[in-house]
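Asks: Here it is, the structure, as structure tokens.
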Amino acid sequence: MASPAGIVTPRPPLLQRITPGQWFWIDVGLSLLFFVAGLVSILGQGRNAGLLRNFSLNHPHAVALFVALCLASFPLAIRRYYPLPVLVVVTCALAAVVVIGQNIAATPIVALPVYIVAAQYERRVSAIALCAVGLAFLAALGIGEVLRYASSSTMADQVSSDVIAAVAAWFVGDSVRARRAYVTGLSLQAEERQRREMESAQRSVAEERLQIARELHDIVAHSLSVIAIQSGVGGHVLDMQPEEARKALAAVETTSRSALEELRRVVGVLRRDDPAEPSLVPTPGLADIDRLLGQYRAAGLAVTYRLRGAVVPVSPSLDLSIYRIVQEALTNVTKHAGTAQATVEISFDEEAVVINVVDEGALHRNGAILSPDHGGGGRAHHGIIGMRERTAMFGGSLTAGPRPEGGFEVLALLQLNAVTQ
């Protein structure tokens, strides 16, 4: 991805830019370097002590030194791929050199495989490997002393330097491993935090979409139901009772305008750039119940309204939910129940508000039966689902179903002090 103009993307550290293939060839070069250094050391020892007999490998110790040098240097090329096996081979080769009282290199070869083991394995495993290396050198020193191949003081210095180099390499490798684990942990935490933020954002979007869908359904279903009833009435009495038809058309106009205002409010929330910008259209609530019932009465539904208990101030969301539940319950009356009479009762107490909407009998107007809309069949209605969701937001419950004595009842309970999610 291209960086914005004027911004320089920092390069990663040099060691992080080296590929695994490049590391392999670097290790090959190191192994050759150690081999050459060891070979020079062996030739120097043979020249001074007559060990190689004019540089010919016909002495047992010379053959052992050469084999040990090969085993101690060449496996270093694959130390990143097989750390523990390489450490075992190098340690055994160097221990064999200690046994015969010789030295194949002035540099501590064992430090490289110890470092890789400490950097790639858990601390428990690498610590055991380090202890095994130290014990192997001490055992070789003891065996060499018993066989009297060399003075104990000379070989003790060599073993001490190898052990010190191994311990130092282990501490460096373990620190590198711990730092890698720390960086990996930070990366995983950042990914987990990002994943949770994305899930939270997606959940918020889903909740917003659900709320918007609920609002749109309540507005459109209510308005279209009233318009459908009024249009049917107007068409039925147009020739015989023009005045009734005029009232029906006026009710259609009023309902349409009210629906448009509420739709503008919902759409305005979606289109605002500044979430803190206040809406100019007030959100309906308990105070608008009388106006809502007037629309249904104009549509031919006889509605009785009772408000019980001391009305207490409620949150805007609870106020809107009360309005929407009454609206949806009456919309279902006009669409599905086909009744001419309904009762709306809202009761307040110290802990909850209870909404009870009951309908009774068949819907008649001017001697004609107006057929309700049974298009939903046996399917679950979105309106009841929406009412149940609204009550759940406030820790309440909803029951909706036919009554034994006839008609339909919706009973909703919403807690006044519930914390919405």
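Asks: Given H placed 1.01 Å from N in the peptide plane, which residues other than close sequence neighbours of residue 407 have an amide H under 5 Å from its amide H?
Replies: Distant-sequence amide H within range of residue 407: 361.
Asks: Given a Förster distance of 45 angstrom, what is the FRET efficiency for residue 23 paired with residue 205, based on the Cβ-Cβ distance and rounded to 0.05?
Replies: 0.45
Asks: Quick one: length gained pulling residue 240 to residue 171 fully straight, 0.36 nm per residue minus the C-alpha distance?
Replies: 14.5 nm is the gain from fully extending residue 240 to residue 171.
Read the figures in this text as sums done on the coordinates, not as results from a lab. Here the structure is a predicted model, which means the values were calculated and not measured. Cβ: placed from backbone, ideal geometry, glycine included. Neighbour counts: every protein chain shown.
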